[in-house]
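To start, the structure under review is shown below, and the notes come after it.
The values are calculated or read from the model by the stated rules, or taken from the named source; none is laboratory data. Every value quoted in this text rests on a predicted model; they were computed, and no experiment measured them. Note that each Cβ is placed from the backbone with ideal geometry, even for glycine, and that neighbours are counted across all protein chains shown. Side chains included, ligands, DNA and RNA excluded: accessible areas come from the protein's heavy atoms. Shrake-Rupley method; radii C 1.70, N 1.55, O 1.52, S 1.80 Å.
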Amino acid sequence: MIGGLFIYNHKGEVLISRVYRDDIGRNAVDAFRVNVIHARQQVRSPVTNIARTSFFHVKRSNIWLAAVTKQNVNAAMVFEFLYKMCDVMTAYFGKISEENIKNNFVLIYELLDEILDFGYPQNSETGALKTFITQQGIKSQHQTKEEQSQITSQVTGQIGWRREGIKYRRNELFLDVLESVNLLMSPQGQVLSAHVSGRVVMKSYLSGMPECKFGMNDKIVIDKQGKAGASDEAGKSSGKQSIAIDDCTFHQCVRLSKFDSERSISFIPPDGEYELMRYRTTKDIILPFRVIPLVREVGRTKLEVKVVIKSNFKPSLLAQKIEVRIPTPLNTSGVQVICMKGKAKYKASENAIVWKIKRMAGMKESQISAEIELLPTNDKKKWARPPISMNFEVPFAPSGLKVRYLKVFESKLNYSDHDVIKWVRYIGRSGIYETRC
Amino acid sequence: MPAVSKGDGMRGLAVFISDIRNCKSKEAEIKRINKELANIRSKFKGDKALDGYSKKKYVCKLLFIFLLGHDIDFGHMEAVNLLSSNKYTEKQIGYLFISVLVNSNSELIRLINNAIKNDLSSRNPTFMCLALHCIANVGSREMAEAFAGEIPRILVAGDTMDSVKQSAALCLLRLYKTSPDLVLMGEWTSRVVHLLNDQHMGVVTAAISLITCLSQKNPDEFKTCVSLAVSRLSRIVSSASTDLQDYTYYFVPAPWLSCKLLRLLQCYPPPEDGAVKGRLVECLETILNKAQEPPKSKKVQHSNAKNAILFEAIALIIHYDSEPNLLVRACNQLGQFLQHRETNLRYLALESMCTLASSEFSHEAVKTHIETVINALKTERDVSVRQRAADLLYAMCDRSNAKQIVAEMLSYLETADYSIREEMVLKVAILAEKYAVDYSWYVDTILNLIRIAGDYVSEEVWYRVIQIVINRDDVQGYAAKTVFEALQAPACHENMVKVGGYILGEFGNLIAGDPRSSPLVQFNLLHSKFHLCSVPTRALLLSAYIKFINLFPETKSTIQEVLRCDSQIRNSDVELQQRAVEYLKLSSIASTDVLATVLEEMPPFPERESSILAKLKKKKGPGAVSAGELEEGKREGGEVNGAERPGDNAAIASTPSPSADLLGLRSAAPVSAAPVSAGSLLVDVFSEAGPAASTAGVNDDGFLSCSSALSSAPPSVVSEDPAPPLPESDELLNKFVCKNNGVLFENQLLQIGIKSEYRQNLGRMYLFYGNKTSVQFVSFSTTLNVQLKPVDPLVEGGAQVQQVINIECLSDFSDAPLLNIKFRYGGALQNLSLKLPVTINKFFQPTEMSSHDFFQRWKQLSQPQQEAQKIFKANHPMDTEVLKAKLLGLGTALLDNVDPNPENFVCAGVIQTKAQQIGCLLRLEPNAQAQMYRLTLRSSKDTVAKRLCELLSEQF
C-alpha cells in the first residue's frame, strides 16, 4: 500500500508529487530530499526509513522515483511497481529525463491515477493502458459510447491485457531471447561464480483471441517426454540439449495452473510488445569469452599489463560491441597502449584503459599490452587491483536455451499455426563479466 | 609583481571549480575530479620542470579537491617546493596546503621545518607571518619542539615588526596550549609582560591573550602584569573615543582589549599596592559611569561593545568582592538591564546578579529588585531567562523574604516549563526548609508542592519532610491534621499518599480525638487510595496499617480483615505478600506490650546535611550552589532539627535501601551480628509464628523495621571510618599463601587483582583496581595501615588503575596488613577493608641441604617452643603433585630423599627479615587411609613456627 509517489530531479526539486493516503504529509517530500538526495554520504540502500516512514527509491539517469509508505508494505511489490512505472513511462514518452517528465506531467498524473488506486497497484499493462490513456487527447473524443463501454468491460474483465476484435492482415510474431551472462573468474581461469539471467520478449501482431503455447528445452519437460516416449535415442539427443532452469517468472497472461501441473506455458498474448518470462540458470553456461590477464609491477613507478581475450563459440558466429575495461592504479601518471585489434584508450576520468573491438568471430584471440607509469605517493596503501570487466553481445543464448516451438491456435478466426509468420532471435549480452587480475 | 601579466587569478583553477559546480550528479563530479587528478599527476611526473605559477595552480586544485572530500596522496613535495619560492602568493598557497594536508608524522616534516626556519630568519615580515601562521595552524608537538625556543625571541626582539609580534604572540599561545611543557618562558617572562606597554594596540591585544593563559598556570611569575594592566586599562578608559583611532569601535575605545585586561585582572586578587588599587577602582568607576552616559550611537554594535566592558567590569568587581560601594553600584546598574528590551541583556543581568546576591555587601541591594525578578519569572518569554530568574530568586532568598519568594515560586510552578520543574521543586523545598521559622508553614508548603507538582517531587523531598516532622514534636499534630485534609481530595498524588501514610501511621493518634478524623475514618481514607498506588507505596501503606493496630486497637479487626483478604495475602508481589503475612501474624500473636515495643514510634533522625541540597548539588554541578551556601544549609538544618542526638545509630542502621538514601548514606555497612535484646525478642515472636521467622529484616522503607534495626547496630556505620575487614578476607588471604598472582576481591562494582614478587626481605605488589561498572568512581582512595602511595582518585567506568606497593619485611609478623578502599560510586560512598595477602612465608628463601644436614638441624631445634605441630583432616584430595606444587609455592625448597618414608614431604627455608634470618624446617606426613595430615614445623623463632603452621594447615 503505497502512500505516495514522488519524482525528483537530480537537484532534489520535486517534479511530480502524488499522495494517495492521508498518513503521508507534505514534509515527507522534504524528508526524502534532505536525507537521501542531499545526504552527505551517498545512500546506497534503496529503502530508507525516516521517522517511521519508509521511502523506496529507484534512480533512472538523473531522476529519482520514490514511493513512500507508513505501513509495513511488501518491499518487493513496491519495487516491482516502480519498475513497471518506469516501463510504462518509457513506453509513453521514451527516455525518462527531466525534460520529458516536465513535458508530460499531465500524462504522468493521469497514469498515476490509473495504475495506483488508494495506493494499491492496478493494471499497469502498457497495451491496455494505451487504449484509454492516449497522448492525443482529441482522439479519444471520437470514440463512440460503445467503444468506451467496451474498454470498461475489457479492463475489468478476465483478460484485462487484451481487447477483443483485433484484426491484422498479416499475422506475425517476433520472439527474442535476451540473456545476460554474469561471471567472476580468478586470475588462473577458475570460475568463482557465474549465472545467466534471461528474458523472453515477444512482439505479437495476431488477430482475434489466439491461444499460444510456448515450448523450450527445459530439462524437466524433456525428461518427462523422454520417459513417456520411451525412445532412448530421442531421450539422449534431446537430453544433452536440455537446460536446468533455476527459477522463472511469467507475464500475467500465462496460465500458472497449467505450468504447475504440466509445466507447459500457454497463454493468450497481449497485443504488441511484452515480456513473456524471466528466468535464471547457473549450470552449464557457455562462457563466450575468456580473459587472461598478466600484470607485472616493475619497480614502484611502472606497471606492465598484458591482457589476452579468447572467443569461445562457433567460428561462424560474430560477437559485437566488445569492450574490455582494464582498471589502472589511482596514481597513474601516464599510459602507453599497444593493441593488435580494435582501439584502446586510457580514460583518466574513469581510471581505466578502455579497449573496444567492433566485431570478433568465434575461436579467435586478441591481445593488448600497456605500460603504466606511476607517480610515487606517500600513501602506503597497496593498489587493490580491481577486476577487469568486459562487455559484449553475441548472437546465441549462453544458457543454452532453445525455443522448440510456439504454437498459435485461434478457433474462431480462420487462420492456423502455419499461417503465422514467426521470427526468433537470440541475443546474449554481458552482465557483470569480470576477471580478477 | 611579474606574475600579474600571466594572470594571478589562475584561470585554470577557476574553470575547474566552475566545471565542478556545474556537474549535475555526484558521478559526473567524480569523473571530472579523476580526470583532473590524472592531469595533475602527469604534469607532476612530466620531465620538464614546472614553473612556480603552474605548481601553485595545481597545488591549489589539489587543495580544492581535498576540501571536496577526496583523498589526496601526492603533491606534498610540490607544495614544499613552493615554500622556497619568493613570491608571496606561491608561498602562501604552499603554506596553506601544508597546514591543511600535512599530518605531523609525515617524513616531509623536516623539509617543512627547514623552510619555516628560513622564513622566520628572513627578516621579511610577510614571510615571517606566514611561517608563524603555519606553525600555529599545525600546532603539533613536533612544531613546538622545533620552534618553541625561537618564537619568544621573535616576540620580544626590538626590531620585530608589530604585525609579526602579534602573530608570534598568538602562535606561542597555541603552542603553549598543545604542549605547555615545551614552552619555557623563564627568561622571557618580564619582557613578555612588558609587551603590555607596547605602543601598538594590536600587539597588546595579542600579548594579553598569551599572558592570561600563562598566568593561569603560574600566577606568581606574572604578578607584575597586574599593575601594568591597570595602568593600561586606565589609559584606555580615560581616553577620548577618538584617541585610539583604528582601535575605536563604534565610539568605544578598544573594547576587546578592555575586556581582555579585565579578564586578566580576574586571575589575581585585588592589588595590594594602594595606588594601583585606587587607580583600578577609579577605572571601574569610570566604566560604570560611562555605561550611564547616553549612547553616542544608536547602532547595536555600540551598545554591545559598551555592555561587554560593563559586564566584564562587574565580573571583576564580584571577583574582588571587597568594594561595597562598587558592588552596590554594579547591582543597581544591572537592575536597569532587568527590564531591557534585549533578551540577552536580561539573561546576563540575572546571571551576574546571582553571583552578586552571594556577596554580603550587595545582598541587600539585590533584594530591592525582587519585584522585577518575580515579574520576569512570570512574564518572560524565553525559558532560559526564566530559569535564571528562578536561580536569582533562590540566591536572594533569606529569612525576611522567604515566604514571599516561596509563594511566588509555588505559584509559578503551576505554569513552569517542564524542563525546570524538578529543579524548581527542589529549590522550593530547600528554601522552605532553610528559612522555616514556623514549621506548620513548612509542612503546608511542602504538601502544596506535592499537590501542585507531585510528579517532580523526588524522593529526597518527601523523605526530608518526614525527617523533619519526626524530629520536631511541635509540628506532628499539625502535620497529621494537614495531611489528613490533603488526602481528602478526590485525586491526590502518590507522593502525597506516601507522606500521608507515613505520618498518619506515626502520629494519627494526635488527631484521633476529633470524630471527623477518628481512627476508622483515617484508615478508610488511606485504604481508599490503596488500590491506585504502585507496589512500594502499597508496601508503605501496609506498614502504616500495622502501626494503626498499635495506635488504635479498635481498628485491629478491620485491618486484620484487610490483611487477610486474598489480594494481600496472596499478592503476586513477594514484598506485599510477605508484609501482609507477617503483619497479620504479628498482630494476631504478639501481646499488646510486644506490639507496642515493636511498633514504637520512630526515633528521631540524626543530623546530617540536607539530602535535598546534596541532590541539587549533584544535579547542577558544583558551580550552582556555592560552598558557603552549603555550609549555611547545614547550619540552618542544624537549627531546625535541634541539638545533635548522639545515640541514633539504631535509626541509621534500621534503614536499608531507599531510606538509606534519605539519609544520604549508602555505605556497605554490614548488617549483621551484634544482637540486641529487642531484636532477639522479635525473633522469638517470629519463631513462634513459624516459618516466617527467617524473614525478619526485609522491610525496606525504614519505617517499621526498628526491629531488625535494633538487632543490627554495629557502632561503626559512620561512613568515614574504615569499614571492618570483610568477614571473608581471612579466607581470601589463605588463597594467596601459596600463590602470588590472582584476583583478591570481586563484587558487583569492583575487582581487585594482585601481582606480586618477592626477593629476600623485599617485595613488590601491584594492585589492580578494575571498575566493573560504566560509571566512574570518584574520590577513590586507598589506605593501608602502613603508608601507601596515593592512587589516582578517579576510576573511569570499565577502566583499571594500578597501584604499586613496595614491601619490606622488618621482622617477623603474624597479622596481614589491612587495606582500606574508599570511593564514591554514583554519589554513594563505598568503603571496604581487605587483608593484603602478605604473609610471612612470602619472604622464604629456599635452602637445599642433604639428609644429614637436615636431621642435624632438625635435632638442634628440638626445644618444645620451637616446634609447632598440627594434625588435621585433608580438605582437598591428596594428590602428590598438587602437594608438591603447593609446598614449592610456599617458597621453601622441597628436599628429596631426606625422609626415609618417600610419602612424606620435607622442606627447608630461611625467612629473610631485615632484622634477622629465621631458619625453618618443615615436615608434612600425609596419611592416605585416614585422609589426615601431620604437619610439623621447627623454627628458630617460636612465633614463626606457630604462624606458619596455622597458615599451612588451611592449605591442604
### Task
In whole Hz, with x marking every Gly and Pro, tabulate ³J(HN,Hα) for the range A:63-75 from phi via Karplus 6.51 cos²θ - 1.76 cosθ + 1.60, θ = phi - 60°.
9, 9, 10, 10, 9, 10, 8, 9, 9, 7, 9, 6, 5
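Can you tell me how much longer the chain between B:K290 and B:R11 gets when fully stretched, taken as 0.36 nm per residue apart minus their C-alpha distance, in nm with one decimal?
Numbers: separation 279, 0.36 × 279 = 100.44 nm, distance 5.35 nm.
The span from B:K290 to B:R11 would gain 95.1 nm if fully extended.
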### Message
Quick one: 3J(HN,Hα) in Hz for the range B:501-507, Karplus 6.51/-1.76/1.60 with θ = phi - 60°, rounded, Gly and Pro as x.
### Response
x, 5, 6, 5, x, 7, 10
### Message
Taking the alpha-carbon distance from B:K556 and a cut-off under 18 Å, which lysines remain once sequence neighbours fewer than 8 residues away in the same chain are dropped?
### Response
B:K547, B:K585
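To the nearest 20 debye, what is the magnitude of the charge dipole of the range A:17-113 about its Cα centre, counting +1 on the Cβ of each Lys and Arg and -1 on the Cβ of each Asp and Glu? Present the calculation step by step, with values, prior to reporting the outcome.
Details: 13 positive and 9 negative charges, 77 e Å.
The calculated dipole for the range A:17-113 is roughly 360 debye.
Rank by packing, highest mean first: peptides B:409-415, B:148-154, B:222-228, with packing defined as the count of other Cβ atoms within 10 Å averaged across residues.
Details: B:409-415: 16.3, B:148-154: 18.4, B:222-228: 20.0.
For the peptides B:409-415, B:148-154, B:222-228, the packing ranking is B:222-228, B:148-154, B:409-415.
At 1.4 Å probe size, put B:T558, A:T53 in order of accessible surface, largest to smallest. Intermediate values should be presented prior to the final figure.
On the way: B:T558 50, A:T53 15 Å².
These residues rank, largest area first, as B:T558, A:T53.
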### Message
Given a Förster distance of 25 Å, report the FRET efficiency between A:D247 and A:V43 from their Cβ-Cβ distance, rounded to the nearest 0.05.
### Response
0.25
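Filter the trypsin sites (Lys or Arg not before Pro) in the range A:266-313 down to the DSSP loop ones having no more than 15 other Cβ atoms within 10 Å, then list what survives. Walk me through the intermediate numbers first.
Values: sites: A:R278, A:R280, A:K283, A:R290, A:R296, A:R300, A:K302, A:K306, A:K310; in loops: A:K283, A:R300.
Taking the range A:266-313 and a limit of 15 other Cβ atoms within 10 Å, the loop trypsin sites (Lys or Arg not before Pro) found are A:K283, A:R300.
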## Note on the structure
By accessible area (1.4 Å), largest first, B:F66, B:F97 order as B:F66, B:F97
### Task
Any chance you could look up the accessible area of A:Y92 with a 1.4 Å probe, heavy atoms only, rounded to 10 Å²?
10 Å²
### Query
Where nothing but the Cβ of Lys and Arg (+1) and of Asp and Glu (-1) is charged, how large is the charge dipole of the range B:525-581 around its Cα centre, in debye to the nearest 20?
80 debye
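Going down the table (A:K11/A:K343; A:K213/A:K314; B:K739/B:K873; B:K26/B:K48; A:K283/A:K422), which pairs top 27 Å between alpha carbons?
Values: A:K11/A:K343 36 Å; A:K213/A:K314 30 Å; B:K739/B:K873 22 Å; B:K26/B:K48 34 Å; A:K283/A:K422 29 Å.
Result: A:K11/A:K343; A:K213/A:K314; B:K26/B:K48; A:K283/A:K422 exceed 27 Å.
Note down the magnitude of the dipole of the protein assembly as shown about its Cα centre, charges +1 on Lys and Arg C-beta and -1 on Asp and Glu C-beta and zero elsewhere, to the nearest 20 debye. Don't skip to the answer; put the middle values down first.
Working: 166 positive and 151 negative charges, 1725 e Å.
It works out to roughly 8280 debye.
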#### Entry: Contact order normalised by residue count of chain A, Cα under 8 Å, 6+ apart, percent
15 percent
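When N is the residue count of the protein assembly as shown, what does its C-alpha Rg come to as a fraction of 2.2 N^0.38 Å?
Values: Rg = 46.3 Å, N = 1393, 2.2 N^0.38 = 34.4 Å.
Normalised by 2.2 N^0.38 Å, the Cα Rg of the protein assembly as shown equals 1.34.
How do B:E757, B:E575 stack up against each other in accessible area, from largest to smallest, with a 1.4 angstrom probe?
B:E757, B:E575
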### Task
Search the structure for amide H atoms under 5 Å from the amide H of B:L819, placed 1.01 Å from N in the peptide plane, and list their residues when 5 or more places away or on another chain.
B:L834, B:K835, B:L836
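Pairs of alpha-carbon atoms within less than 8 angstrom and 6+ residues apart define the contacts here; what relative contact order does the range B:275-398 have, in percent?
Numbers: 111 pairs, mean separation 24.4, N = 124.
Rounded, it is 20 percent for the range B:275-398.
Averaged over peptide A:368-376, how many Cβ atoms belonging to another chain are found within 10 Å of each residue's Cβ?
Working: counts 0, 0, 0, 0, 0, 3, 2, 10, 3.
Taking the mean over all residues of the peptide, I get 2.
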### Query
Looking at the protein assembly as shown, what % of its DSSP beta bridges pair antiparallel, to the nearest 5?
90 percent
### Summary
Reported to the nearest 10 Å², B:S572 has, with a 1.4 Å probe, an accessible area equal to 120 Å²
### Query
Which stretch or stretches of the range B:201-236 have amide N atoms under 12 Å from the point lying 7 Å from B:Y268's Cα along the Cα→Cβ direction?
B:212, B:215-216, B:219-233
### Task
Compute the accessible area per residue over the protein assembly as shown, keeping the other protein chains in place, probe 1.4 Å, unit Å².
48 Å²
### Message
Below 10 angstrom from the Cβ of A:C253, what's the summed charge of the other residues (Lys, Arg +1; Asp, Glu -1)?
### Response
+1
### Task
Determine the shielding of peptide A:10-20 by partner chains: average, over its residues, the number of Cβ atoms on other chains within 10 angstrom of each Cβ.
1
### Query
Under 5 Å between amide H atoms, partner at least 5 residues away or on a different chain: which partners does A:M209 have, H built in plane at 1.01 Å?
none
### Query
So for the range A:1-76, taking the charge dipole from beta-carbon charges (+1 Lys/Arg, -1 Asp/Glu), which of A:I7, A:T53, A:Q42 sits furthest toward the positive end?
A:Q42
### Query
To the nearest 10 Å², what's A:K59's accessible area with a 1.4 Å probe?
80 Å²
### Message
From the phi angles alone, apply the Karplus equation (6.51, -1.76, 1.60; θ = phi - 60°) to the range B:111-120 and give each ³J(HN,Hα) in whole Hz, x where the residue is Gly or Pro.
### Response
4, 5, 4, 4, 5, 5, 4, 4, 5, 5
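Average partner chain C-beta neighbours within 10 Å, per residue of B:31-42?
Numbers: counts 5, 1, 1, 7, 5, 2, 8, 14, 2, 2, 10, 7.
What the average comes to for B:31-42 is 5.
Can you pull the percent of Cα pairs in chain A with separation above 41 Å? Numbers along the way, then the final one.
Details: 31250 of 95266 pairs.
More than 41 Å apart: 33 percent of the Cα pairs in chain A.
What relative contact order, as a whole-number percentage, does the range B:335-475 give when Cα pairs under 8 Å and 6 or more residues apart are counted? The partial results should precede the final answer.
Working: 123 pairs, mean separation 24.7, N = 141.
Taking the mean separation of contacting Cα pairs over the length of the range B:335-475, I get 18 percent.
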